[in-house]
Amino acid sequence: MALTTINLPSMEKIASGKVRDLFVVPNSDNLLFVASDRVSAFDVVMENGIPNKGAILTLASAHWFKVLTERIPDLKTHFIGTDLPASVPAAEAAQVKNRSMLVRKLEVLPIEAIVRGYLTGSAYKEYQAKGTVHGIQMPAGMQLSEKFPQAIYTPSTKAPAGEHDENIHPDDAWKEIGDKDLADKVHQLALKIYTNAAEYAAERGIIIADTKFEFAKDAEGNLYLVDEVLTPDSSRFWRQDTYEVGKEQDSFDKQFIRNWLIKEGLKGKEGVTLPEDICRATSDKYKEAFLKLTGSNFDEVASQ
């Protein structure tokens, strides 16, 4: 059964996104990120969810925060841990088991820091039309799913709920952030994180075609990696052993849902209920990605 509504009466809910709800932890400067099983595609939330999705995303993010801080020692993240505050009643704790992250309260930057290693998705459509990606001139003659000569930073705006993010040129990202130096730090750090993550994933048979990071700053202006990180919701994961330039790839992510919506003529439509077989297949793909990337079976980890 998918959990699409999070109810924690003991805490104040301060935000509710497409997937996550954000709560204030009483008597602390921390927040609780809780991932539901809600699923969105093309900026629209489906009527039903994907069973276990929230737990998969949370445990995968926790794993990545550990991996990345080991590989990039000076990397700061908002992640504190997955243990719930002692003040959370047992019934509420059971509801959000494996779904919650205790995080630092920070000022989130109003930008989606997208890094692309391969030509796919909306980037491919722009390239076909103009030979560019986010306004950046790309080499001529590239094919679908081809690897870029080097990973590129392609940010987008972070639109209010109900509106669509807009792709922007990297040189214009500072206008959203309001600080050129900070925008440059985000650019460089996003590429550094992607490079390290892509190397780690490649060792485990997965290609990270592209991914989205979010960043925040503290009162002193220090930069932090926040939100979920390198999950099937925020990334395109491809099988390395079947990768082939010039075609769509077998993926472990939401592309499965996107493809179904496009096929059924439901792209961007509100009120869509996903068929049970699509939900089950998506859950299986997420679990397979979790196994490959963490080396652990999700069902076994979740039952502990």
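The values are calculated or read from the model by the stated rules, or taken from the named source; none is laboratory data. The structure displayed is predicted, hence computed values, not measured ones. So basically every Cβ, Gly included, is an ideal-geometry build from the backbone, and we count neighbours across all protein chains shown. For the accessible areas, the whole protein counts, side chains as well, though only heavy atoms, and no ligand, DNA or RNA atoms are used. Shrake-Rupley method; radii C 1.70, N 1.55, O 1.52, S 1.80 Å.
On inspection, Arg280 does not qualify as surrounded by 16 or more Cβ atoms within 10 Å (Cβ to Cβ), closer than 26 Å to Ala62 by Cβ and of a type outside the set (Ser, Thr, Tyr). I'd like the residue in region 122-153 that is part of a loop (DSSP other than H, G, I, E, B) and touching a residue at least 60 places away in the same chain (Cβ under 8 Å) and, out of all such residues, is farthest from Asp21 (Cα to Cα). Only one residue fits best here, namely Gln143. Restricting attention to region 222-263 and to residues that are free of Cβ contacts under 8 Å to residues at least 12 places away in the same chain and surrounded by 12 or more Cβ atoms within 10 Å (Cβ to Cβ), the residue that is farthest from Glu203 (Cα to Cα) turns out to be Ile262. Here region 107-123 is the region considered, the condition is being at negative phi, out of contact with any helix residue (DSSP H, G or I) (no Cβ under 6 Å at 6 or more places or on another chain) and surrounded by fewer than 19 Cβ atoms within 10 Å (Cβ to Cβ), and the residue that is modelled with the lowest pLDDT is Ser122. Exactly one residue out of Leu266, Leu274, Leu261 is in a helix (DSSP H, G or I) and at pLDDT 95 or above, and it is Leu261.
Scanning region 57-84 for residues that are out of contact with any helix residue (DSSP H, G or I) (no Cβ under 6 Å at 6 or more places or on another chain), without any contact (Cβ under 8 Å) to a residue 40 or more places away in the chain and either closer than 30 Å to Lys263 by Cα or open to solvent by 40 Å² or more (accessible area, probe 1.4 Å) (or both) yields Lys66, Thr69, Glu70, Pro73, Asp74, Asp83. In the set (1) farther than 16 Å from Ser234 by Cα; (2) in contact with a Leu (Cβ under 8 Å, 6 or more places away or on another chain), Ser61 fails one condition alone, (1). Restricted to region 150-169, and to residues that are out of contact with any helix residue (DSSP H, G or I) (no Cβ under 6 Å at 6 or more places or on another chain) and at pLDDT 95 or above, which residue is surrounded by the fewest Cβ atoms within 10 Å (Cβ to Cβ)? Looking at residues that are out of contact with any helix residue (DSSP H, G or I) (no Cβ under 6 Å at 6 or more places or on another chain) and at pLDDT 95 or above, I get Gln150. Figure legend. Inter-residue proximity from region 162-185: first residues assigned by the TED database to the domain that holds Ile152 and free of Cβ contacts under 8 Å to residues at least 12 places away in the same chain, second residues part of a helix (DSSP H, G or I) and open to solvent by 100 Å² or more (accessible area, probe 1.4 Å), beta-carbon distance below 8 Å, spacing 6+ or different chains. Indicated pairs: Trp174/Lys180.
Would you confirm, using the coordinates I've provided, whether Glu203 is modelled with pLDDT of 95 or more and open to solvent by 50 Å² or more (accessible area, probe 1.4 Å)? Yes, satisfied.
Taking each residue of region 41-53 that is within 10 Å of Gly271 (Cβ to Cβ) and looking for partners that are among the small types (Gly, Ala, Ser) and surrounded by fewer than 18 Cβ atoms within 10 Å (Cβ to Cβ) with beta-carbon atoms closer than 8 Å, six or more apart or interchain, yields Val44/Gly268; Met46/Ser40; Glu47/Gly271. With respect to the stated conditions, Ala94 is in a helix (DSSP H, G or I), open to solvent by 40 Å² or more (accessible area, probe 1.4 Å) and not assigned by the TED database to the domain that holds Leu189.
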